[in-house]
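Everything on this sheet refers to the single structure shown next.
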Amino acid sequence: MNAVTKQPEVKNFINGKYSRNGQKSMDVISPLDGTVISSLPLSGMDELEEAVKAAEQAFVAWSGQTLKERVQVFFRYRNLLEENLDELTQLVTIENGKTYGEAKAEVMKSIELCEFAVSMPQIVTNEIQEVSRGVECRIERKPLGVVACISPFNFPNMVPHWTVPNALVLGNCVILKPSEMVPLSAMRMAELLKQAGLPDGVFNVVNGGKEIVEAICDHPRIEAVSFVGSTHVAKIVYKRASSNLKRCVALGGAKNHLLVLPDAHPQMTADNVVASMSGCAGQRCMAAAVMVGVDAVQHIIDKMVEEGKKIIPGENLGSVISQAAKERIEAYITEAEQQGATILLDGRNTIVPGKENGSYVGPTIIDHVTPDMKIAKEEVFGPVISIIRAKDLDEAISIENASNYGNAAAVFTQSGGLAKKVIERASAGMIGVNIGVPVPREPFSFGGWNESKFGVGDITGKSSIEFWTQNKKTTTKWNPEDKTNWMS
Ligand code: NAD
């Protein structure tokens, strides 16, 4: 684990300059050991208005460049991410609490997202057809204008890269509102984009909490909003932004079910399920939350406990985001225990020596959870897995289907036929077969179903092209001699 070091005070980044106007502020605390590492401004309407004005002014020249010109910034930026990989990784670790390896994988994913963004000229080729002699129709993708991206605490570097590079290369100007718990990576992102040659005002960062999110949803000159966070807030943002006539895609929380069949490869399954529930301290929207054990899977559960015991908080398991999160997660475990579930591995009351003020929860495996328990239904967002026993695959599928969420689901089996049945019937947007964290890699798009996503389309990949652009349809005729048909 990294040494926690003090970081520069967080500032807004507006029109290419850092600013802080004496607004109210909030401490930024490293969950690794409880140290106050920085403070951030809680911005309001004035700062947002300044950012929107800067973005509007920059939009004229930025959207006037060709797509091929705009992506040049991202070739340079992608390389800067690689050159600064170690420093960016450390920053994620310090502000979010994940391990160095997990943080590095996060920044690597940001690099992959930039690689998709620079491939846009190959994908966005527009359409043209001679619809009658001498008459052409063409469709061009045009940017929307000023757009906003709101991100959560769990991937301070990656989630902004889901949206910002694509929105920018497609010609929009962006205002990013990072999570107030992890604002440092976004500040570095702004610096590196400027170093890569992004013109001032094209990308702006406004820090704060609820107030600034509401101001974004209400601002009449912000055209579109992307949101990633909890379902509770995703609903608020989706409703508020849409009622103000904005385009909105809002990704919410998750409760991912992993269906384990008796013929599953025992070691591979145990490794995958445990890695999925404990990686990033279970604070991934793709994390395993419920294992539905079908019929005779005790031998796999035993192996999971063996694997779980190898996960040591403060060594190969990072912290959760805050003391409040630790308390919330532990309360879920205690309530499940009181309701009759069996705790096979207990991560409560974890203290890492030398980091007594850190927020750690050890890996927790809970057996004999029933579908009616709170822990089976709500998002815990910690390194905790609930095991629900099912007599057969149909019952397992109906348990999965009953969840309000629908981000990911997975099946572990050696039977192609049974896997196919789960692929077809699971009510989730992203499905894994013998894979515990089925995140689609670029160019495949990311997005869940049900209460894990509101709005049309996915947030990355080709779906994002639709979201961040609008079509301009032009019909042209130049030659008066050309015969025309009944329409032109
Ligand atoms: P959160 O919903 O608390 O916060 C997300 C953003 O909303 C932050 O920028 C925050 O400042 C803002 N916010 C918080 N409360 C608000 C309110 N009442 N009104 C307006 N804005 C508000 O989420 P979080 O705790 O930062 O992140 C964890 C959650 O995000 C989990 O539920 C996780 O599953 C989800 N998540 C989902 C995905 C996905 O792809 N579906 C990806 C990452 C995280």
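Here, each number is a calculation from the coordinates, and none is a lab measurement. Quick caveat: nothing in here was measured; it's all calculated off a predicted structure. Please note: Cβ atoms are built from the backbone with ideal geometry, for glycine as well, and neighbour counts cover all protein chains shown.
Structure notes:
- The range 290-373, relative contact order [Cα under 8 Å, separation at least 6], %: 34
- Taking every Cα-Cα distance in the range 2-139 and sorting them into 10 Å bins starting at zero, the pair-distance distribution P(r) comes out as 10, 23, 30, 23, 8, 4, 2, 0 percent.
- Scaling the Cα radius of gyration of the range 237-326 by the globular reference 2.2 N^0.38 Å produces a ratio of 1.44.
- Nearest-ten-degree value, helix 100-118 long axis tilted from longest Cα axis of the chain: 30
- Calculated P(r) tail over 34 Å for the chain, as whole % of Cα pairs: 38
- Here each label is just a point 7 Å from Cα along the line to Cβ, and for Ala61 and Met45 those points are 3.1 nm apart.
- Centre-to-centre separation between the Cα atoms of the range 340-378 and those of the range 295-334: 6 Å.
- Once exposed loop chymotrypsin sites (Phe, Trp or Tyr not before Pro) are cut out (DSSP; at most 15 other Cβ, 10 Å), longest piece of the chain: 1-443
- Selected from Ser179, Tyr405, Ser63, residue furthest toward positive end of dipole (the chain; charges at beta carbon): Ser63
- Net dipole in debye of the chain [+1 Lys, Arg Cβ; -1 Asp, Glu Cβ; about Cα centre; nearest 20]: 1200
- Applying 0.36 nm per residue to the separation of His265 and Lys309 and subtracting their alpha-carbon distance, the gain on full extension is 13.9 nm.
- Listed residues Met430, Asn166, Pro220: farthest to the positive end of the dipole of the chain (Cβ charges): Pro220
- Chain lengthening between Gln339 and Asp86 when straightened (0.36 nm per residue, less Cα-Cα): 86.6 nm
- Range in the chain, longest, excluding exposed GluC sites (Glu not before Pro) [loop by DSSP; at most 10 other beta-carbon atoms within 10 Å]: 1-355
- Pairs with C-alpha atoms separated by more than 20 Å, drawn from the list Lys109/Lys235; Lys142/Lys246; Lys11/Lys177, are Lys109/Lys235.
- Value of D in µm² per second that Stokes-Einstein yields for the range 122-278, Kirkwood Rh from Cα pairs, at 37 °C (0.692 mPa s): 180
- Set Lys98/Lys377; Lys421/Lys453; Lys24/Lys374; Lys68/Lys473 screened for pairs whose C-alpha atoms are more than 30 Å apart: Lys24/Lys374
- C-alpha center-to-center spacing [the range 13-84, the range 413-455] in angstrom: 34
- Between helix 67-83 and the chain: long-axis angle, C-alpha atoms, 0 to 90°, nearest 10: 30
- When the helices of the chain are scored as -39500 (n - 2.57) per DSSP H run of n ≥ 4 and the total is divided over every residue, the value at 222 nm lands at -12000 deg cm²/dmol.
- Electrostatic dipole magnitude of the range 86-145 [Cβ: Lys, Arg +1; Asp, Glu -1; Cα centre; debye, to 20]: 260
- All C-alpha to C-alpha distances of the range 105-176, sorted into 5 Å bins beginning at zero, yield P(r) values of 3, 15, 19, 18, 15, 10, 7, 5, 4, 3, 1, 0 percent in whole numbers.
- Nearest-ten-degree value, helix 45-64 long axis tilted from longest Cα axis of the chain: 60
- Taking label points 7 Å from Cα along the Cα-to-Cβ direction, Ser119 and Ser398 give a separation of 4.2 nm.
- Size of charge dipole - the range 417-467 - debye, nearest 20, with Cβ of Lys, Arg +1 and Asp, Glu -1, no other charges: 220
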